[in-house]
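The values are calculated or read from the model by the stated rules, or taken from the named source; none is laboratory data. This one's a predicted model, so the numbers in the text were calculated from it and none came from an experiment. Don't worry about glycine lacking a Cβ; one is built from the backbone with ideal geometry, like all the others, and counts go over all protein chains shown. Accessible surface areas use protein heavy atoms only, side chains included; no ligands, DNA or RNA. Shrake-Rupley method; radii C 1.70, N 1.55, O 1.52, S 1.80 Å.
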Amino acid sequence: MTVFYIVIAVLVLLFGIFSYLNAANWNVLHVLSLFLTFGAAFAYLVIASAVLKTETSWKKLAEQREKELAQATMQVEMLQYGRAINPMSGHVETAAKPVDSIVGAEAELKRAMYDRGRVWRNVSRGAINGKQINLILPPIQTSNAANPPAGGAVAPPAPAPGQRSLAPDDIVYAFGQMDYPNDPSIAVPAFFIGEFVVRTVQDNNVTVEPTTKLDGAQQSVLNIQTPWMLYDKMPVDEHKLFADMGNDEVAALIIGAASRTGGLTDTMVNQLVTDIQRTGQDAQADDPQLAVLSMVTFQQDHEVPVDAQVATSGITQEFEPATGLAAAEYLKQGAPTKFSKGDQVVLLTSREPGKSLVDQGIVTVDKQIYVRPLSDFVIQFHAFKTRVEDLRDMKYTLEQDIKMLTDSETIAKDVVAYRTQEKQKLQDDKQKVVYEQEQIAVYKDKLLKYLTETLQLNSQLYRTNQALVEELQRASDAILRKLGQEELDKADPDSLTLAL
């Protein structure tokens, strides 16, 4: 801008000099026309420069907005599909995590919903009639009336009154309900009650029966006045549930859950907290084999089939038991899972098929890490119940044996009681003799004490009498001397001489 101002100043100065030199030969009209022409040219120059500056800035802004639009379009595509073409480099970029895109988040949500299954919250427990328990489901709530669809769209039809997705013979898993500590508006399970089978469904009333005999802990939680939550699938154990939690948060969560359920020792709770916290860390020499996985790197491209090649009609299993391949149609991926050279994954290399990959050089082991073995709660629940029934049978057998031993012990106790009675009588006689001896000894001590006190008193009286005798003797001697002196004083001296 400084150069532009200098050029303008030079032009104005030249115009003044030129006008002054030619003023003698020009008339007023010439000078005025030249002045106006110069002023118009100067104004045009200023306006043209401003237009040029505005055009340049708007072009830059348009180019920047085009880049931002292309970048925003790429971000929208990335959010929608998880992949997009970078307009700057022309390369295809993918989201860091599948859940970072709408498609991936919807798939993850569907998977989570599938793993969770159907759920019924705020279920009230009614009367208990023998094995049957009456449950009262909350009224069916529809959001169509409160949230009508925008744009005049037609809302889907609401379910008919009393229509329920539960049906007789359905298996449900009951939990006690509590408010989520971080958001009281969300209801979450607090403790496990048991596995039940639906017998009847009528409107909001559902009758269920336990599939196995309820133990003492389950019987006690039936009387807790808290809403129930029903699941048609047992919750799934997953590592990712604790992946984003810190050690303190994991410890608080597990200890809080253990305090609500009870039955777990401090050692078991601390071991579970340690197992969760150690997941992903380096393995130790004493870790169980199934808990030690390997971080491996693929040295070449590799494909792994994940879908079973058998017809799935009539198959109720989700996975083939022998191979673990997806058998249900809704779980099939449609193509093998592909790995590229340099990809890092975690797998079990101590058994097949991971061991074959290492032996063939397809992967190389980077390090071994500890991964907490997952629990199948349904299998563990039924195994626990089977174990409980076995223990009950063993308890019954032991109780019968104990009863026989008790009967024998009763007879022996009768004999022992008779002999004990005799012994007791002898002991009573002995105690009486001992008591008499003690009383005689006490009486003897009293007599000896009385004798001693009597002797002491007699001795004291004797000494007193002696003192009195001596005192009387002295008094008597004094009186006799005094009487003799008085008689001498009264006697005639002559008679005294004659007497002499």
Practice problem: Report the paramagnetic label zone for Arg121: residues of the range 234-248 whose backbone N is under 11 Å from a point 7 Å from Cα along the Cα-to-Cβ axis. | Solution: none
Self-check item: Cβ-Cβ FRET estimate between Met404 and Leu166, R0 fixed at 60 Å, reported to 0.05
Solution: 0.75
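Kindly provide the trypsin sites (Lys or Arg not before Pro) of the range 336-369 that DSSP labels as loop, not H, G, I, E or B, and whose Cβ sees at most 15 other Cβ atoms within 10 Å. If you can, show how the numbers build up before the last one.
Numbers: sites: Lys338, Lys341, Arg351, Lys355, Lys367; in loops: Lys341, Arg351.
Passing both the DSSP loop test and the Cβ count: Lys341, Arg351.
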Quiz prompt | Neighbour cut-off at most 15 other Cβ (10 Å), DSSP loop, trypsin sites (Lys or Arg not before Pro), the range 393-500 | solution = none
Self-check item: Set of lysines near Lys490 by C-alpha distance (under 29 Å), chain-local residues within fewer than 8 positions excluded
Solution: Lys482
Quiz item: Using θ = phi - 60° and the Karplus curve 6.51 cos²θ - 1.76 cosθ + 1.60, what whole-Hz ³J(HN,Hα) does each residue of the range 444-449 get, with Gly and Pro shown as x?
Solution: 4, 4, 5, 4, 4, 5
Quiz item: Which of the lysines could a cross-linker span from Lys425 if the Cα-Cα distance has to be under 28 Å and same-chain partners fewer than 8 positions apart are dropped?
Solution: Lys413
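Net charge around Arg419, counting only other residues with Cβ within less than 12 Å of its Cβ (Lys, Arg = +1; Asp, Glu = -1)? Don't skip to the answer; put the middle values down first.
Working: positive: Lys413, Lys423, Lys425; negative: Asp414, Glu422.
Its environment carries a net charge of +1.
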Quiz item: How far is it, in nm, from the label point at Gln309 to the one at Lys449 when both lie 7 Å from their Cα along the line to the Cβ?
Solution: 11.3
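Expressed as a whole percentage, what fraction of the accessible surface of the chain belongs to carbon and sulfur atoms when a 1.4 Å probe is rolled over the protein heavy atoms? Present the calculation step by step, with values, prior to reporting the outcome.
Numbers: 21960 of 36640 Å².
Carbon plus sulfur share of accessible area: 60 percent.
What number, rounded to the nearest 500 deg cm²/dmol, is the helix-based mean residue ellipticity at 222 nm of the chain, given -39500 (n - 2.57) per DSSP H run of at least four residues and division by all its residues?
On the way: 9 runs with 252 residues, N = 500.
Taking each H run of at least 4 residues, the total per residue is -18000 deg cm²/dmol.
When the Kirkwood hydrodynamic radius is evaluated over all pairs of different C-alpha atoms of the chain, what value in angstrom, to one decimal, is obtained? Don't skip to the end; give the middle numbers.
On the way: mean 1/r = 0.0270 Å⁻¹.
When all Cα pairs of the chain are included, the Kirkwood radius is 37.0 Å.
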Exercise. Quick one: dipole size for the chain, taken about the Cα centre, charges +1 on Lys/Arg Cβ and -1 on Asp/Glu Cβ, in debye to the nearest 20.
Key: 1540
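Kindly sort Thr454, Thr267, Thr397 by accessible area of their heavy atoms, largest first, with the probe set to 1.4 Å. Walk me through the numbers on the way to the answer.
Details: Thr454 45, Thr267 105, Thr397 75 Å².
If we order Thr454, Thr267, Thr397 from most to least accessible, we get Thr267, Thr397, Thr454.
Calculate, for the chain, the solvent-accessible area per residue in square angstrom, rolling a 1.4 angstrom probe over the heavy atoms of the protein chains.
Details: 36640 Å² over 500 residues.
That works out to 73 Å² per residue.
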Quiz item: What list of ³J(HN,Hα) values in whole Hz, one per residue of the range 121-128 in order, does the Karplus curve 6.51 cos²θ - 1.76 cosθ + 1.60 (θ = phi - 60°) give from phi, with Gly and Pro shown as x?
Solution: 9, 6, 8, 9, 7, x, 6, 10
Exercise. With a Förster radius of 51 Å, plug the Cβ-Cβ distance of Ala412 and Val269 into 1/(1 + (r/R0)^6) and report the FRET value to the nearest 0.05.
Key: 0.65
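Would you please name the trypsin sites (Lys or Arg not before Pro) within the range 84-142 that are DSSP coil residues with at most 16 other C-beta atoms within 10 Å of their C-beta?
Values: sites: Lys110, Arg111, Arg116, Arg118, Arg121, Arg125, Lys131; in loops: Arg118, Lys131.
Here the trypsin sites (Lys or Arg not before Pro) that fit, given the DSSP loop and packing criteria, are Arg118, Lys131.
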Quiz item: Fully extended, how many nm does the chain gain between Glu352 and Asp282 (0.36 nm per residue separation, minus their Cα-Cα distance)?
Solution: 23.0 nm
Quiz item: Can you give the FRET efficiency for His91 and Asn129, using 1/(1 + (r/R0)^6), R0 = 56 Å, r = Cβ-Cβ distance, to the nearest 0.05?
Solution: 0.25
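Quick check: with the 1.4 Å probe, what order do Asp343, Asp301 take by accessible area, largest first?
Solvent-accessible surface, decreasing: Asp301, Asp343.
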Self-check item: Under the Karplus curve 6.51 cos²θ - 1.76 cosθ + 1.60, θ = phi - 60°, whole-Hz ³J(HN,Hα) for the range 51-56, x wherever Gly or Pro sits
Solution: 4, 5, 5, 5, 5, 5
Practice problem: Subtract the Cα-Cα distance of Asn223 and Asp301 from 0.36 nm times their separation in residues, and report this length gain in nm to one decimal. | Solution: 22.2 nm
Self-check item: Pairwise label distance in nanometres, Lys53 with Thr211, each label 7 Å out on the Cα-Cβ vector
Solution: 8.1
Practice problem: Go through Gln466, Val306, Leu45 and say which Cα lies farthest out towards the positive end of the charge dipole of the chain; charges sit on Cβ, +1 for Lys and Arg, -1 for Asp and Glu. | Solution: Leu45
Quiz item: Along the three principal axes, how long is the range 350-450 when you take its alpha carbons, biggest first, rounded to the nearest angstrom?
Solution: 112, 41, 23
Quiz item: Shape call for the range 195-283 from the C-alpha gyration tensor, a ≥ b ≥ c root eigenvalues: rounded (a/c under 1.5), prolate (a/b greater than b/c) or oblate?
Solution: prolate
Practice problem: Please tell me which of these pairs span more than 30 angstrom C-alpha to C-alpha: Lys110/Lys367; Lys240/Lys355; Lys423/Lys449; Lys67/Lys332? | Solution: Lys110/Lys367; Lys423/Lys449; Lys67/Lys332
Quiz item: PRE reach from Ala328 (point 7 Å along Cα→Cβ): which of the range 380-415 fall under 19 Å by backbone N?
Solution: 380
